[in-house]
Amino acid sequence: MTDARHFLDIDDLTPEELRTVLSIAREERATERPSETPGPLERRTLGMLFEKPSTRTRVSFEAGMTNLGGHAVFLGPDDTQLGRGEPLKDTSRALSRYVDAVMARVFDHEDIAELAAYATVPVINGLTDLAHPCQTLADLLTIQDTYGDFRNVTAAWVGDGNNVARSFAVGSAMVGMDLTVATPPAYGVGSDVLDRAAEYEGSVSTTADPVAAVTDADAVYTDVWVSMGQEDERAEKLGAFDGYQLDEDLLSHAPAASVMHCLPAHRGEEITDDVVESSRSVVWQQAENRMHAQNGLLLFLLDAES
């Protein structure tokens, strides 16, 4: 129904486009624009739909639009007619008449797919149950900042094969990295993700052994074991993930590795406090890079490179 370019998962970009977005992000991050100089997104508006609460997603998009000279409109669960039964397709078509792009952070991936199907402006996935591609952009930008490039970089994911892991696995393969995913057998990233990753230059392998995954890795990544909406699975998951905590003992097998976490962290569960606060942690660079990477994406999607 529309020719608008959407970003619902990381492989909605080609590998070349992914590198272009990261390049635009680095260039914009380094730009010192005089206050009187209009930003590249002057008079552009981003509509932000939130079903789930957020710190980094909301602030990084809102601050990013301000830095680019544009404006962001926050629409929480009680701020639209969606909570009163308006169909998503109607909201999507109405928003498309007001804003230049829509970012949505929703529970079900099917919902953002429906938003995109009826939108005439770009729709950006700020998080769904299946994917978190904006986080992957920030992760890859952080790895690039740390190691200069992706070739010869090995990464490990330890923990739950959740939405963050799924997007990161495909994104890693797209830029040529080698990734090992260590999860309990029932909590893997899914065969669909492995099939998608197999189409690209990098490799994604799986194991149930966290030690094998992290040994000599350059970057080790984890996320919470119990995501929003999974609170009733907490006891079961804590038992299943015994032995998968990123602590100093596990990381002794990767003495030079950077430690990554998309935040918020459940310190003492998937990662220890001392690891988060250690000199090898790059979690705050990841958090900052959410804004820079998304700025690159917005400029790319809106064809407004500065």
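The values are calculated or read from the model by the stated rules, or taken from the named source; none is laboratory data. These numbers were taken from a predicted model, which means no experiment stands behind them. Note that each Cβ is placed from the backbone with ideal geometry, even for glycine, and that neighbours are counted across all protein chains shown.
Tabulated results
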quantity	calculated
Matching helices (runs of 4 or more DSSP H) fully within the stretch 217-306 where at least 2 residues are surrounded by 18 or more Cβ atoms within 10 Å (Cβ to Cβ) and in contact with a Leu (Cβ under 7 Å, 6 or more places away or on another chain)	283-301
Exclusive hit being of a type in the set (D, E), farther than 19 Å from S167 by Cβ and touching a His at 6+ places or on another chain (Cβ under 8 Å), set E28, E32	E28
Condition check for D90: among the acidic types (D, E) and part of a helix (DSSP H, G or I)	yes
Sole exception among (1) closer than 28 Å to F107 by Cβ; (2) modelled with pLDDT under 95; (3) of a type outside the set (A, V, I, L, M) for S172, by number	(2)
Matching residues, the stretch 129-149, being of a type outside the set (S, T, N, Q) and surrounded by fewer than 22 Cβ atoms within 10 Å (Cβ to Cβ)	D129, L130, D145, Y147, G148, D149
Of the criteria (1) outside any helix (DSSP H, G or I); (2) modelled with pLDDT of 95 or more; (3) over 17 Å from S205 (Cα atoms), which one D79 fails	(2)
Criterion: under 18 Å from the mean Cα position of the chain (by Cα), within 18 Å of G296 (Cα to Cα) and crowded, with 16+ Cβ neighbours inside 10 Å - qualifying residue of A63, A104	A104
Which listed residue is within 17 Å of the chain's Cα centre (by Cα) and not in a helix (DSSP H, G or I), from V204, V181, V193	V181
Residue count, the stretch 76-91 (criterion: in contact with a Ser or Thr (Cβ under 9 Å, 6 or more places away or on another chain) and surrounded by 14 or more Cβ atoms within 10 Å (Cβ to Cβ))	3
Residue check, A63 closer than 27 Å to A165 by Cα, assigned to a helix (DSSP H, G or I) and either of a type in the set (G, A, S) or in contact (Cβ under 8 Å) with a residue 40 or more places away in the chain (or both)	yes
When residues of the stretch 1-16 are limited to those that are charged (D, E, K, R) and either modelled with pLDDT under 95 or in a loop (DSSP other than H, G, I, E, B) (or both), the one surrounded by the fewest Cβ atoms within 10 Å (Cβ to Cβ)	D3
Residue, farthest from the chain's Cα centre (by Cα), within the stretch 107-146, restricted to residues that are among the hydrophobic types (A, V, I, L, M, F, W, C) and assigned to a strand (DSSP E or B)	V123
